[in-house]
Amino acid sequence: ALLWGAVPLFYIGQTADALDRLARGVAVADEQGAMFWQVLGRVWQVIMDDDLRGTEEGREALRDGLTTFEARGSGIGRSYFEAHLARAMSEAGQVDGAHQMSKTAVADCEASRLLCWYPEILRLHALNCVAAGRYDEAAVARGTGLRAAREQGAFLWELRLLLDTPANDP
């Protein structure tokens, strides 16, 4: 509850409170030896903490988390976490690899039919498309993301896509 409760706090802009709650959740997971929750908490920490996400250590923590989830057979959220890793890679200048990874994350999400994160994955992919100079692909990703968000009634995802759109226009 501490870990998942941090997520909505993060998405409504209360990052300091989210990171505090997340740290408490990871501490409980550490005390319990609950590896899945330890890894999940550390992955979310990288996503939420701009300073950590901007480091190789942060990107490595995301990679390690994905590897751990895969090894344990827990693929839930994989495409979402891959999209975040791709975005962190793009921000670090690894634009081509990031673009390909986020494109794969979109395809994996579509194939899994676990679409609760789909508009956000498309938003992150669109940002990577822009970084790679693929403006038409970015526009398609944003448009698909907006339609999906509206169909889901996912106002937060819609808002995030709309806020990114002017900054991403070629």
Please go through (1) over 22 Å from A18 (Cβ atoms); (2) among the small types (G, A, S); (3) part of a helix (DSSP H, G or I) for G133 and return the number of the only condition it doesn't satisfy.
(3)
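For every residue, the table says whether it meets (1) out of contact with any Gly (no Cβ under 7 Å at 6 or more places or on another chain); (2) at pLDDT below 95; (3) open to solvent by 10 Å² or more (accessible area, probe 1.4 Å); (4) of a type in the set (S, T, Y).
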| residue | (1), (2), (3), (4) |
| --- | --- |
| S74 | yes, yes, yes, yes |
| R78 | yes, yes, yes, no |
| A107 | yes, no, yes, no |
| P119 | no, no, no, no |
| L146 | yes, no, yes, no |
Return the pair list, or none, for Cβ contacts closer than 9 Å from residues in the stretch 24-38 that are surrounded by 15 or more Cβ atoms within 10 Å (Cβ to Cβ) to residues that are outside any helix (DSSP H, G or I), at least 6 apart or on different chains.
G25/A1; V28/A34
Note: among E82, E158, E137, E56, just one is over 16 Å from the mean Cα position of the chain (by Cα) and surrounded by 14 or more Cβ atoms within 10 Å (Cβ to Cβ), namely E137
Can you say whether A18 is in contact with a helix residue (DSSP H, G or I) (Cβ under 9 Å, 6 or more places away or on another chain), open to solvent by 80 Å² or more (accessible area, probe 1.4 Å) and more than 18 Å from G75 (Cβ to Cβ), as far as the supplied structure shows?
no
For the stretch 2-11, which residues satisfy the criterion of being in contact (Cβ under 8 Å) with a residue 24 or more places away in the chain and either basic (K, R) or over 16 Å from Y80 (Cβ atoms) (or both)?
L2
Output for the stretch 145-168, where each listed residue is farther than 20 Å from G77 by Cβ and touching a residue at least 12 places away in the same chain (Cβ under 8 Å):
L146, E158, L162, D164, T165, N168
Among the residues of the stretch 107-136, write down those that are in contact (Cβ under 8 Å) with a residue 12 or more places away in the chain and under 17 Å from I76 (Cβ atoms).
D108, C109, S112, L114, L115, C116, W117, Y118, E120, I121
So, in the stretch 13-26, how many residues would count as being more than 14 Å from V43 (Cα to Cα) and among the small types (G, A, S)?
2
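The values are calculated or read from the model by the stated rules, or taken from the named source; none is laboratory data. Note that the coordinates shown come from a computational prediction; the quantities given were computed from them, not determined experimentally. Here the Cβ is made from the backbone with ideal geometry for all residues, glycine too, and neighbour counts use every protein chain on show. Side chains are part of the model used for accessible areas, which takes the heavy atoms of the whole protein and leaves out ligands, DNA and RNA. Shrake-Rupley method; radii C 1.70, N 1.55, O 1.52, S 1.80 Å.
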